[in-house]
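Before any comments, here is the structure.
The values are calculated or read from the model by the stated rules, or taken from the named source; none is laboratory data. Here the structure is a predicted model, which is why all the values come from computation and not from measurement. No Cβ is skipped: glycine too gets one built from the backbone with ideal geometry, and neighbour counts run over all protein chains shown. All accessible areas refer to the heavy atoms of the entire protein, side chains included, with ligands and DNA or RNA removed. Shrake-Rupley method; radii C 1.70, N 1.55, O 1.52, S 1.80 Å.
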Amino acid sequence: MPDTPYGKTRRIRVDSQHPEPHLIAEAAELLRQGEIVAFPTETVYGLGANALNPEAVAKIFTAKGRPADNPLIVHTANVEMARGLTSGWNKVVELLAQKFMPGPLTLVLPKLPEIPNIVTAGGDTVAIRIPRHPVAQALLHAANLPIAAPSANRSTLTSPTTADHVLKSLEGRIPLVIDGGSADGGIESTVLHLGTDPPTILRPGLITIEELQDVLGIVQTYAPININPNISIVASPGLKHKHYAPRSPLYLVNRLPDDYIDSINATQIRVGLITHRRLNQPLPANLSLYQMPPTPEGYASQLYTALHTLDDTGAALLLVESPPEAPDWLAIHDRLNRAAKEILNSLPPIHTLLEPSLQSDT
Ligand code: TXA
Ligand code: MG
């Protein structure tokens, strides 16, 4: 199979709030024919296929280079269609649906047999989400199908929040991307497993643990920074895989001292820095700063854009100053921890952080 089986990927630009029906109809037709299409959601861009067609879903795994043991989220236009995918749509689910759907919440529920094994990686549960973004909604309605869709990036790399990010990763590997502007949420949905008591957050996301606790009472989290060894039976298969990584190594650090920032000047090494605090010193010319908003929602909306942008500057390494340790920053910490090559408690000389192949150049 050639590396770019589709030659050039088509991009169709649509109005993000009122997508043009004839353009959406074209994309929906491709999906119905068993093709794959990238589209915006309110979290990140997804790469969709008809969830009921195993050959179509297989194209997602090929395009992304995704391991077959990592199941996909199935997206539906509405609750009625979601109910048709699971035997587990009970009162609790209904309550969650009323409060958070459509929106950035994914529920893991017992699957019905019509969902092909390739979607669920052979498991007996299915992850279901109803996206809110007008383009995703229009596409799901027009296709009138459940759509399996992971984030529209090559496996292990940073998720896309724009059509440009999708093309950077998947040009020629997919036939079409619907360009509906930037995905404003910026990080993926919260994945909640309802088969445990209490329910388990498998992946923190834009719906916070507090919001879920308001509806459900106790909710436990399964996350790298708070692992409960007793719940390994429900572990999200995706958690064991590398994720979200930019091309250049990313180091998570505490606050960088002013003199450490100054010392970068003498090194000639191109460094990217992401921080949420205001720096009040002149910055070295070889340091590219991406200034993050101070709130968790603002930070989430910019996080992947920051990683893509700094990667594109050709930075040899990225430093990220750790954001606050408060509960509403859980999803941000989760993504940063998994994108990081290493979490540094102390700061070694900067050249020792370069990939080995670059170290001799400095
Ligand atoms: O916001 C989002 O959720 C985006 C947009 C496109 O909707 N999608 C997304 O998909 O992030 P993906 O494939 O990148 O991440 C899906 C996560 C993975 O960690 C996967 O392991 C987990 O959901 N997952 C899917 N099905 C599951 C299941 N049946 N049981 C447990 N975890 C599951
Ligand atoms: Mg992903």
TODO: Scan the stretch 316-333 for residues that are touching a strand residue (DSSP E or B) at 6+ places or on another chain (Cβ under 9 Å) and closer than 16 Å to residue 291 by Cα and jot them down.
DONE: 318, 319, 320, 321, 322, 323
TODO: Return the total of residues in the stretch 97-114 being surrounded by fewer than 19 Cβ atoms within 10 Å (Cβ to Cβ) and hydrophobic (A, V, I, L, M, F, W, C).
DONE: 1
Task: Output for the stretch 116-129, where each listed residue is more than 7 Å from ligand 1 (Cβ to nearest atom), closer than 24 Å to residue 43 by Cα and surrounded by fewer than 24 Cβ atoms within 10 Å (Cβ to Cβ) - done: 118, 121
Task: Flag for residue 264 being closer than 20 Å to residue 349 by Cα and assigned to a loop (DSSP other than H, G, I, E, B) - done: no
Task: Residues that are among the small types (Gly, Ala, Ser) and within 18 Å of the chain's Cα centre (by Cα), drawn from the stretch 171-223 - done: 180, 181, 182, 183, 185, 186, 189, 205, 223
Task: Filter result (polar (S, T, N, Q) and assigned to a loop (DSSP other than H, G, I, E, B)) within the stretch 143-200 - done: 144, 153, 155, 156, 158, 159, 161, 162, 182, 189, 196
Open item on the list: residue 106 - would you say it is within 16 Å of ligand 2 (Cβ to nearest atom), part of a loop (DSSP other than H, G, I, E, B), touching a residue at least 24 places away in the same chain (Cβ under 8 Å) and within 30 Å of residue 308 (Cα to Cα)?
Closed with: no
Task: Single match in 65, 84, 88, 46 (criterion: on the phi > 0 side of the Ramachandran plot, modelled with pLDDT of 95 or more and not hydrophobic (A, V, I, L, M, F, W, C)) - done: 65
Open item on the list: Residue under question is residue 42, and the condition is that it be in contact with a strand residue (DSSP E or B) (Cβ under 8 Å, 6 or more places away or on another chain) and of a type in the set (D, E, K, R); does it hold?
Closed with: no
Task: Count - residues of the stretch 109-130 that are in contact with a Gly (Cβ under 8 Å, 6 or more places away or on another chain) and assigned to a loop (DSSP other than H, G, I, E, B) - done: 2
- [ ] Among the residues of the stretch 302-324, write down those that are out of contact with any Pro (no Cβ under 7 Å at 6 or more places or on another chain), open to solvent by 30 Å² or more (accessible area, probe 1.4 Å) and more than 21 Å from residue 344 (Cα to Cα).
- [x] 305, 309, 312, 313, 314
- [ ] Collect the residues in the stretch 137-154 that are within 12 Å of ligand 1 (Cβ to nearest atom), open to solvent by 20 Å² or more (accessible area, probe 1.4 Å) and either modelled with pLDDT under 95 or more than 11 Å from the chain's Cα centre (by Cα) (or both), keeping them in residue-number order.
- [x] 154
- [ ] Grab the strands (runs of 3 or more DSSP E) fully contained in the stretch 1-81, keeping just those with 1 or more residues being away from ligand 2 (no atom under 16 Å from the Cβ), of a type in the set (Val, Ile, Thr) and within 17 Å of the chain's Cα centre (by Cα).
- [x] 37-39
- [ ] Can you tell me which residue within the stretch 42-96, out of those that are of a type in the set (Ser, Thr, Tyr) and over 26 Å from residue 183 (Cα atoms), is surrounded by the most Cβ atoms within 10 Å (Cβ to Cβ)?
- [x] 86
Task: Verdict on residue 225 being closer than 22 Å to residue 44 by Cβ and either hydroxyl-bearing (Ser, Thr, Tyr) or modelled with pLDDT of 95 or more (or both) - done: no
Task: Residues located in the stretch 156-177, provided they are open to solvent by 30 Å² or more (accessible area, probe 1.4 Å), within 15 Å of ligand 2 (Cβ to nearest atom) and either over 18 Å from residue 306 (Cβ atoms) or of a type in the set (Ser, Thr, Tyr) (or both) - done: 156
- [ ] Exactly one condition in (1) more than 21 Å from the chain's Cα centre (by Cα); (2) more than 17 Å from residue 312 (Cα to Cα) is not met by residue 275; state its number.
- [x] (1)
